[in-house]
Amino acid sequence: MKICFITSSFPRYIGDTSAPWLLKTAKELKKMGVEVSVFAPSYNGIKQKLIDGIPIYRFRYFFKSSEKLTHEESSSARLNELKYKILIICYIFSGCLNSFFYFRKNKFDVITVHWPFPQAIFGIIGKYLTGAKLVYHFYASEMLLIRNRFIKTLFNFFMLFADHIVTISSFTENLIKNELKFKSPVSIIPFSSSLPDNIITEVSYPNENKSKILKLLFVGRLIERKGILYFLEAIKNLTERRIPVSVTIIGEGYQKELVKKFILENGLEKYIILKGEVPIPDLVNEYKECDIFVFPSITDKRGDTEGLGCVIIEALMYKKPVIASNVGGVVDIVKDNVTGFLVPEKDPLELVKKILFIRDNYDFAKQIAENGYNYVIKNFSWDVIVTKLLKVYQR
């Protein structure tokens, strides 16, 4: 079976934090004997033919220095700016032209389009040139665009060509069922951790020493949707109560300067370490060493929120207690007081209460972490995910 991934974002190098699960999905399918190729846009002019054994065709769509519509942040988040509105026109035109020549030359059994707007256009071209089955893979962020009546009309037109629809969570499934018109079957198939399998199997338990400094970990982009500023408010509250904490923040993003400013203005330098993006071995070590993993995501001012939350899966694979906001697709992973702990979004005091609850109820937290580990192994392991994907592709 030959499959083509059409996507707006795909890792540019090994260890890239831009959609690493897509590369992992391609590699897992390859293990099952599936030939996977990728059709994706360039970024700053990069020309790429192969990444970690997966063939990739990168199409150019503007001057090298301006090819930044995708990868660092979702294109839907950038379309309010004039320069990106101009870029999207060039992106669509070049993508259509390149997909025409690409699919005339390369034949596939299945074309799967990730983030279907506007990439669905390229998939439709491929479907009619190759006769391939067309699958749309929805995440959540692309659904923000349907607030525009014209784009919603286009979306509904694109849906006519889909043979199957995949969503990453029940939250995303409900979004498309409520907002779009289609007759194609829908399957919920999440993604999972992109960390190496041999590392994931090395699990560890929460630290039992309640008197020591409590180690808290945040992993994610420093953007509004991740709720990092509310987490910092919680840390400020903990330090004011003289609770000994050590906080590690891993990730980059446009709110980094705001984060630094908050830390300095509130005298939190000795409690919080900003590490930016780190190599995989360092990330693994942070998961192993932390006592609690905190995922304080919110619904941002644009209405965007978490489609799933891959880092939650990673933390649970190390049997760490997870505190997460009750938003979006997070609830497909975190079942309150069963696989983790849910708190209301944008509520630092509730974060504080839950952090202290875990500290003071270690035995219960340990059992919840164990439950979470078993749950993600059963529902979010790559064997399970790839088996579900193959059923969709072969249907």
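The values are calculated or read from the model by the stated rules, or taken from the named source; none is laboratory data. Bear in mind the structure is a predicted one, so any value in this text is a computation, not a measurement. Here Cβ is always computed from backbone atoms with ideal geometry, including for glycine, and neighbour counts include all displayed protein chains.
So the values come out like this:
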item	result
Tally of residues being of a type in the set (A, V, I, L, M) and in a strand (DSSP E or B) across segment 147-180	2
Unique match (being surrounded by fewer than 21 Cβ atoms within 10 Å (Cβ to Cβ) and touching a strand residue (DSSP E or B) at 6+ places or on another chain (Cβ under 7 Å)) among His164, His137	His164
Conditions (1) surrounded by 14 or more Cβ atoms within 10 Å (Cβ to Cβ); (2) modelled with pLDDT under 90; (3) of a type outside the set (A, V, I, L, M, F, W, C); (4) under 20 Å from Ser381 (Cα atoms); number of the one not met by Asn207	(4)
Test: residue in segment 24-39 that is under 26 Å from Asn148 (Cβ atoms) and touching a Gly at 6+ places or on another chain (Cβ under 6 Å)	no
Among residues of segment 336-394, those that are surrounded by 15 or more Cβ atoms within 10 Å (Cβ to Cβ) and among the polar types (S, T, N, Q), counted	4
Exclusive hit being surrounded by fewer than 16 Cβ atoms within 10 Å (Cβ to Cβ) and either in the same structural domain as Ile151 (by TED's automatic domain parsing) or modelled with pLDDT of 90 or more (or both), set Glu67, Glu73, Glu81, Glu28	Glu81
Pairs where the first residue, in segment 278-296, is on the phi < 0 side of the Ramachandran plot and not assigned by TED's automatic domain parsing to the domain that holds Leu222 and the second is buried (at least 24 other Cβ atoms within 10 Å of the Cβ) and acidic (Asp, Glu), C-beta under 9 Å, 6+ apart	none
Unique residue being out of contact with any His (no Cβ under 9 Å at 6 or more places or on another chain) and either hydroxyl-bearing (Ser, Thr, Tyr) or at pLDDT below 95 (or both) when the list is Ile51, Ile56	Ile51
Test result for Lys183, surrounded by fewer than 17 Cβ atoms within 10 Å (Cβ to Cβ), outside any helix (DSSP H, G or I) and not acidic (Asp, Glu)	yes
Top-ranked residue of segment 126-146 - restricted to ones that are in a helix (DSSP H, G or I), out of contact with any Leu (no Cβ under 6 Å at 6 or more places or on another chain) and in contact (Cβ under 8 Å) with a residue 24 or more places away in the chain, ranked as nearest to Arg225 (Cα to Cα)	Ser141
Criterion: within 18 Å of the chain's Cα centre (by Cα), assigned by TED's automatic domain parsing to the domain that holds Gly123, within 30 Å of Val384 (Cα to Cα) and buried (at least 20 other Cβ atoms within 10 Å of the Cβ) - qualifying residue of Pro11, Pro41	Pro11
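For every residue, the table says whether it meets (1) at negative phi; (2) of a type in the set (Gly, Ala, Ser); (3) touching a Phe, Trp or Tyr at 6+ places or on another chain (Cβ under 8 Å).
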position: Gly309; (1), (2), (3): no, yes, yes
position: Ile313; (1), (2), (3): yes, no, yes
position: Lys320; (1), (2), (3): yes, no, yes
position: Ser325; (1), (2), (3): yes, yes, yes
position: Lys335; (1), (2), (3): yes, no, yes
position: Leu351; (1), (2), (3): yes, no, yes
position: Asn371; (1), (2), (3): yes, no, no
position: Lys391; (1), (2), (3): yes, no, no
position: Gln394; (1), (2), (3): yes, no, no
